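Here, each number is a calculation from the coordinates, and none is a lab measurement. Keep in mind the model is a prediction, meaning the values are calculated, not measured. Here Cβ is always computed from backbone atoms with ideal geometry, including for glycine, and neighbour counts include all displayed protein chains.
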Amino acid sequence: MCLVTHVLLPVTVLLRRAYAVEVVGAALVARAGGSGHRVIGSALGVPAATVRGWLRVMGVRWEAVRTRLLAVAHRAGVDQVVPKALGCPWRDVLAALGAATAAVTGRFGLFGVLGPVTVWQVAAACSAGRLLSPGWPPRGAGTTGNTSRL
């Protein structure tokens, strides 16, 4: 007996988050557009403190997340083009997520078990639901040849 509970999460949610990945994603997109946590929270019907937490977590790891998503795009896609830097770390992460989504849907198709595959479902799948969890992405992830942690 391992004394640990195991739960398989669908790609529509993130680990230890009360909101669907699409809601978290909408907050990150709004931040990339220049909105602050209060405006985003009001628009999404989410407490501003919750949105602020999401943005703080992503704000300290955007480069590691971008690198991880580009590695996924490279591994899943054929002749995948690396997106150009957009001058904003938030938009750069979204561009990398777009590249990863294009590669994944190009390889596996536009429709999954739950219907059309969205960019935020790809983000959840690429992070194993840990997009905003401590310790993700693991150090060195996306830069090695090891694909076991995808």
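Only helical runs count toward this figure. For the chain, summing -39,500 (n - 2.57) over DSSP H runs of n ≥ 4 and dividing by all residues gives -15500 deg cm²/dmol at 222 nm. Hydrophobic, long helices, defined as DSSP H runs whose alpha-carbon span along the helix axis is 15 Å or greater and whose mean Kyte-Doolittle value is at least 0.5, occur in the chain at 21-32, 48-59, 89-108. Residues whose amide H lies under 5 Å from that of G112, counting only those 5 or more places away or on a different chain, are V117; hydrogens are built 1.01 Å from N in the peptide plane.
Which translational diffusion coefficient, to the nearest whole µm²/s, is obtained for the chain from the Stokes-Einstein equation, given a Kirkwood hydrodynamic radius over C-alpha pairs, 25 °C and 0.890 mPa s? Could the numbers behind the result be given before it?
Values: Rh = 15.9 Å.
It diffuses with D of about 154 µm²/s by this estimate.
Here the spin labels are modelled as points 7 Å beyond Cα on the Cα-Cβ line, and at E63 and R107 they lie 2.6 nm apart.
Find how much the distance from K84 to T12 grows on full extension, using 0.36 nm per residue of separation minus their present alpha carbon separation; answer in nm with one decimal. Present the calculation step by step, with values, prior to reporting the outcome.
Working: separation 72, 0.36 × 72 = 25.92 nm, distance 2.82 nm.
Length gained between K84 and T12: 23.1 nm.
Highest-first packing order for the peptide set 99-106, 33-40 is 99-106, 33-40, based on the mean count of other beta carbon atoms within 10 Å.
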